[in-house]
Amino acid sequence: MDGTLYVVLLLSGVLRITSGVYKKYTYINVRMSWPEAQSYCRAKHTDLAFVETMDDANRLINIVDAGYSGSVWIGLKRGTQKRWGWSYRENTLAQYNAWNGGEPNSQNDCAYLAYGVWHTHKCSRALYFVCYNESTGYIKVELWKNWTDAQSYCRKYHADLATIRNSEDQNQIKSIVPSTSWVWIGLFQDSWEWSDKWSNFFRHWAVGQPSQSLGSDECVGMSTANSGKWIHESCYLQRPFICHGWPKSPFRTYQYMNESMTWLDAQSYCRARFTDLATADSINDVNRLIKTNSRYSGSVWIGLHAGTEQRWVWSLGEGTISNYSMWSAGEPNGDGQCVRSFNGSWYDESCSTVLPFVCFNDSTGFIITETAMTWRDAQSYCRQHHTDLASISSPEQLNLLSNESSLWIGLFLDSWQWSDQTNLSFRHWKADQPSLISGSGDCVGMSINNSGKWVQYSCDQRQPFICYGDDKLIRKQIVRLKLSCDGKCTLNDPSLQTAFLNKISEKLKSMGVESDKMSWIQGEGEEVFHLESKPKANSNNHCNSQ
C-alpha cells in the first residue's frame, strides 16, 4: 500500500467495500422453472438477470458453479410483438431514423445501409458491414458475412455493429461507405423482452438461435457448455438461474426507542433523528424487530397506518398488480378481500372461505396444498412451512397452477400504507386484525409478546416505538475503493483487515479526526474483497473491493 491510497481513505469513518461498477449478479444453485425463478428473484433481489454488454455476458458465465455444464435461466423471454432496435443496446428510433420509403419491411429482420438510407433484408444475406469502435469510431469491413456473423465479428474485434443515433452519425458512415455499397448496420427486428421490461436489445444467441417457431420454448437460458451463448427452451424445465440486484433490505438497521409517544410524535422523532418509523417486508424483518429490545414485552409502534385508498397487493410483499393481472370478466365484484385462481382467471372471494392454496418456496418453487383453509390460515401455513402464498406476475406462472379447482393465491385487498411511502405489501396481522369496525384505530403496533403480530390502535395511544435508519447524530461516510497488493493476495484475512483499519485510524487521529466505529461492511455470506476477473497484462495481482 502506498501513502497516496491512505490519504484517500483518511476522509472516511465507515468503509463499505463494493465494486460500484458492475451490476450485482447472484447465481442461485436451485433448479426451478423460469416463472418460479422469476418469482424468487423478484422477492429476494430485483429480477432475473438482464444483460446489456459483452462484459455482463462474460461475468454471468464466470459466476456459475464450475462443475455445472447445463443451461441457466436469465431474464429474457419471448414477447408479444416485434420491435426494431440496435444491437449495441440502444433504441433511438423514436428520435432519428433514415428508412427508405416503404421500409421497414416486416418480412425482413435485419437492416443495411445503401444509397444513403436504410433498407431491410433477410439476415442470411452476405454483405459487407460497418462496425463501431469506441476509440476509432466507425470501421467499414470488406468481408462477406451474414448479419449474425457480422455482429460476432464486430463484437470480437471492436464493440458492435454500427449504431446510428442522429444525422451526424449517418453522415460519418456515408463518408466511409460508397453510396452504391450495401453494408449491414446494427439495426434488427426482435421479438424478445426482459422480465423487468428493460427495453435493451443486446442479444448473445448461439448459432441457429432463436428459432422462429412458436411453442413452449419461450424462455431463454445461458448455455454454460457453449461459452455462455443463449438458447431458448421450454419455460417449465428445471434450471438453476441468475438474479440481478442486491438482496432486498440487507442493511436496514432498527433502533428501539424506550420512550412512550403517540404514533405521530414517534413518526416525527424517527424522521428527525433516523429515517422513519420501522418498515418491515419479510418475516426476517419481523424477527429482527422483536430482538431490538429483549426486556420489553408489550406493544411498540411501527410505521404502518391507515391509508386513503384500497389496493390489490401481494402477501409476499411485492406491491400492487399494475404490471400484470388476470381478473375474470366482471371481477373483482366485491365478493371479498382475498383472491382465488380458477381456470386461469382470478376471482375475489371472502377471506373466510375454505379452499386449497398455492405456496411459494424459495428452494422448490410453487407448491399446491390440497388441505382446505381460510386465506389467513393458508398464509400462516405457507409462511411457516415455505416462504409465503404464491405471487403470480406472468402468464407463465399462472400456467403452473392446476385449472381443476379454485386455489388461494397471495393477492388481497389492502388499505394500509407505510410512513416512508414505500410500496411494500407484507403484513403480519394478529388473527382478528385488522378490524373492519369503524374507530378500531388507524395506526399499527407490533405485539412483541405475540410473535411480533400486528394490531391496530388509536394513534393517540402512547407506547414505545422502533425507528429504522442510521442515527443522524452520528456522522458516517461510505467509501468505495480498489486495493492492490504485491504477490499473493490475502486481503480477506481478518487479522490483515484489522491491521488496515488500525493503520487508517492512526492516520485519522494524527489529523485530529475521531473514527472509533470504523468497520468493513459486507453482504451476508460474502467476502470483503475479491480478485479482479480480468487482471491487466504484465502487472502484479490486483485485488478490488466488493
Relative contact order for the stretch 254-468 using alpha-carbon pairs under 8 Å, separation at least 6, rounded to a whole percent?
36 percent
For the stretch 157-170, what does the Karplus curve 6.51 cos²θ - 1.76 cosθ + 1.60, with θ = phi - 60°, yield as ³J(HN,Hα) per residue in whole Hz, taken in order and with x for Gly and Pro?
9, 9, 10, 5, 4, 5, 9, 10, 8, 7, 5, 5, 4, 4
So, with +1 on the Cβ of K and R and -1 on the Cβ of D and E, and no other charges, what is the size of the charge dipole of the stretch 82-192 about its Cα centre, to the nearest 20 debye?
180 debye
Could you sort the peptides 229-238, 157-166 by per-residue average Cβ neighbour count (10 Å cutoff), highest mean leading?
157-166, 229-238
What ranking, highest mean first, results for peptides 463-469, 101-107, 202-208 when packing means the other Cβ atoms within 10 Å averaged over each residue?
463-469, 202-208, 101-107
Placing +1 on each Lys and Arg Cβ and -1 on each Asp and Glu Cβ in the stretch 82-192, then taking the dipole about the Cα centre, the residue among Ser87, Ser124, Asn97 whose Cα reaches farthest towards the positive end is Ser124
Cα-only Debye scattering, the stretch 131-278: base-10 log of I(q)/I(0) at q = 0.08, 0.09, 0.11, 0.14 Å⁻¹:
-0.47, -0.55, -0.67, -0.84
Once the Cα atoms of the stretch 82-192 are picked out, what are the Rg and Dmax in Å?
12.4, 35
Inverse of mean 1/r across different Cα pairs in the stretch 254-468, Kirkwood, Å
17.9 Å
Computed about the Cα centre, the charge dipole of the stretch 254-468 from +1 Lys/Arg and -1 Asp/Glu charges at the Cβ has a magnitude in debye, to the nearest 20, of 760 debye
Would you mind checking the pairs Lys291/Lys472; Lys24/Lys77; Lys23/Lys82; Lys82/Lys140; Lys472/Lys503; Lys156/Lys229 and listing those with alpha carbons more than 24 angstrom apart?
Lys23/Lys82; Lys82/Lys140; Lys472/Lys503
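FYI, it's all coordinate maths here, none of it is from the lab. Only a predicted model underlies this, so the values are computations on that prediction, with no experimental measurement involved. Positions of Cβ are backbone-derived with ideal geometry, glycine not excepted, and every protein chain shown enters the neighbour counts.
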